[in-house]
Ligand SMILES: [Zn+2]
């Protein structure tokens, strides 16, 4: 007799516990419970109803509604059941709802500061609601001033900044390849610290480029430590993505060493195996990074879904020693009969590394007649060797190039890693500036099935927000900023090509930035709803 009620009690407890577990496991139920309290306080501004929702966490889709009040997500659940009302409702049935995409590597610094291009429309049409810029070591020092300017004039997407080690070194030491004196090092550290205190998210390097490449690893560690002390990240276009100097794997080891010794999370920009010399090294690169991660070093990377990189003719072919002292010194070396043979010989080797003259496509530059032609075609036309033609172009003001140097297997290997996020590295003349995010979905998710849709969305939102420590962004979560995209799985695609790199992407029906509609019915609304994102 005594035992029976006990058993009954245990049974009731068991069932209660099971119910709680089931509710907790179901994202919709979990959201509804917490959402209703908030939602019933007052009417919502915007309700997105009936979509397949990917919340950015990497979980599969669930069907629920999302409500926005002001600049935040204020309701998640079943709107009809909860009887919530909104000033405006978007019918998302048959569409995908996801967090606004975050691009960790862009060259939008000039665009956002330009009154004609500050809307960042090419990114909004990709579903990108937040960009980070100042990468490759080229970021500004006075980030506070830039944030204020952006706040005053308005910007189309949110934007964070990185202070550039190349800019800092250039300011203190000009274009010398010398080591810094103790005083110069102190000045550089001070500039990094100042930019971090003004809200930079971290420090970027372009160790492949001049003058960033003139800094030894120890110098970088000293500067990175200033960013580390202030909660920043180290973001690097590595010293070598190919076989120019220390090699792809040597560069990955250098980046990891910087992370370990400066005690800072390290992020590899546009991870790739550049050129046939290093094709296939994605396997070893991934193994090295996974080992470092297992040892507790925070290593991540971003990647764009194209086989061509974008650079300048000078950066692709000219060795760094020839750039010491700056552009005027380079011009002197080109015409100096003493140095010219060594210069052309090294340029020949670099051209081979990049796949030859047919794999360099001119995408921008002073001479507009060259755009759309390969270096090989130009050389033939001028009856010159490709390197001679390249030197002529460099002397006449230089050119931007799309450099076809990657292999799909390496791209796919990197894309599958849990620590690789989507990043455009968008630059003028390369289609990635207009197409990266939709292209990854269309080509690598839907067509080739290299990664799943929830995986790709996570790699384009939450993973990036966490890596760069962007607070309350990157997920569809109650109380988070209302950066939301609604797109059509059937039509989402890039339109930009190497021939026509400035075609806007298609398929984004609605893009919401801080609660405001920036894209509506697949058209830019003219909203400037973006905000500077300062490190917090
Ligand atoms: Zn770069």
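The values are calculated or read from the model by the stated rules, or taken from the named source; none is laboratory data. Just so we're clear, the structure is a prediction, and the values are computed from it rather than from any experiment. Backbone-built Cβ (ideal geometry, glycine too); neighbour counts: all protein chains shown.
Could you please let me know if residue 65 is away from the ligand (no atom under 16 Å from the Cβ), free of Cβ contacts under 8 Å to residues at least 12 places away in the same chain and surrounded by 21 or more Cβ atoms within 10 Å (Cβ to Cβ)? So residue 65 fails the test. Candidates in segment 78-110 are the residues that are part of a helix (DSSP H, G or I) and more than 16 Å from the ligand (Cβ to nearest atom); of these, the one that is surrounded by the most Cβ atoms within 10 Å (Cβ to Cβ) is 79. Here 118, 174 are screened, and the one residue that is away from the ligand (no atom under 16 Å from the Cβ) and closer than 27 Å to residue 526 by Cα is 118. Can you find, within segment 191-207, the residue that is nearest to residue 177 (Cα to Cα) among those that are touching a residue at least 40 places away in the same chain (Cβ under 8 Å) and surrounded by fewer than 24 Cβ atoms within 10 Å (Cβ to Cβ)? Across segment 191-207, the extreme among qualifying residues is 191. Within the span defined as segment 350-366, one or more residues are farther than 23 Å from residue 238 by Cβ, in contact with a strand residue (DSSP E or B) (Cβ under 8 Å, 6 or more places away or on another chain) and surrounded by fewer than 17 Cβ atoms within 10 Å (Cβ to Cβ). Among residues that are farther than 22 Å from residue 437 by Cβ, at pLDDT below 95 and either surrounded by fewer than 24 Cβ atoms within 10 Å (Cβ to Cβ) or away from the ligand (no atom under 16 Å from the Cβ) (or both), residue 74 is not included. For residue 150, the conditions (1) closer than 30 Å to residue 99 by Cβ; (2) within 16 Å of the ligand (Cβ to nearest atom) all hold with the exception of (2).
One residue is enough: does segment 62-71 have a residue meeting the conditions more than 24 Å from the chain's Cα centre (by Cα), part of a loop (DSSP other than H, G, I, E, B) and closer than 18 Å to residue 489 by Cβ? Within segment 62-71 (the criterion being more than 24 Å from the chain's Cα centre (by Cα), part of a loop (DSSP other than H, G, I, E, B) and closer than 18 Å to residue 489 by Cβ), the answer is yes, since at least one residue qualifies.
Just one of (1) outside any loop (DSSP other than H, G, I, E, B); (2) within 22 Å of the chain's Cα centre (by Cα) fails for residue 496. It is (1). When residue 243 is tested against (1) over 19 Å from the mean Cα position of the chain (by Cα); (2) in contact (Cβ under 8 Å) with a residue 12 or more places away in the chain; (3) more than 18 Å from residue 310 (Cα to Cα), just one condition goes unmet, and that condition is (3).
Conditions (1) assigned to a helix (DSSP H, G or I); (2) surrounded by fewer than 16 Cβ atoms within 10 Å (Cβ to Cβ); (3) touching a residue at least 60 places away in the same chain (Cβ under 8 Å); (4) within 19 Å of the chain's Cα centre (by Cα), marked per residue:
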{"position": "249", "(1), (2), (3), (4)": "yes, no, no, no"}
{"position": "252", "(1), (2), (3), (4)": "yes, no, no, yes"}
{"position": "270", "(1), (2), (3), (4)": "no, no, yes, yes"}
{"position": "273", "(1), (2), (3), (4)": "no, no, yes, yes"}
{"position": "288", "(1), (2), (3), (4)": "yes, no, no, no"}
{"position": "310", "(1), (2), (3), (4)": "no, no, yes, yes"}
{"position": "325", "(1), (2), (3), (4)": "no, yes, yes, no"}
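Within segment 132-143, none of the residues are under 18 Å from the mean Cα position of the chain (by Cα), outside any loop (DSSP other than H, G, I, E, B) and away from the ligand (no atom under 16 Å from the Cβ). Of all the listed residues (174, 216), the sole one being on the phi > 0 side of the Ramachandran plot, more than 24 Å from the chain's Cα centre (by Cα) and surrounded by fewer than 22 Cβ atoms within 10 Å (Cβ to Cβ) is 174. Hey, any hits in segment 215-237 for a residue that's within 14 Å of the ligand (Cβ to nearest atom) and closer than 14 Å to residue 169 by Cα? Within segment 215-237, not a single residue is within 14 Å of the ligand (Cβ to nearest atom) and closer than 14 Å to residue 169 by Cα. Listed conditions (1) surrounded by fewer than 18 Cβ atoms within 10 Å (Cβ to Cβ); (2) modelled with pLDDT under 95; (3) touching a strand residue (DSSP E or B) at 6+ places or on another chain (Cβ under 7 Å) are all met by residue 499, apart from (3).
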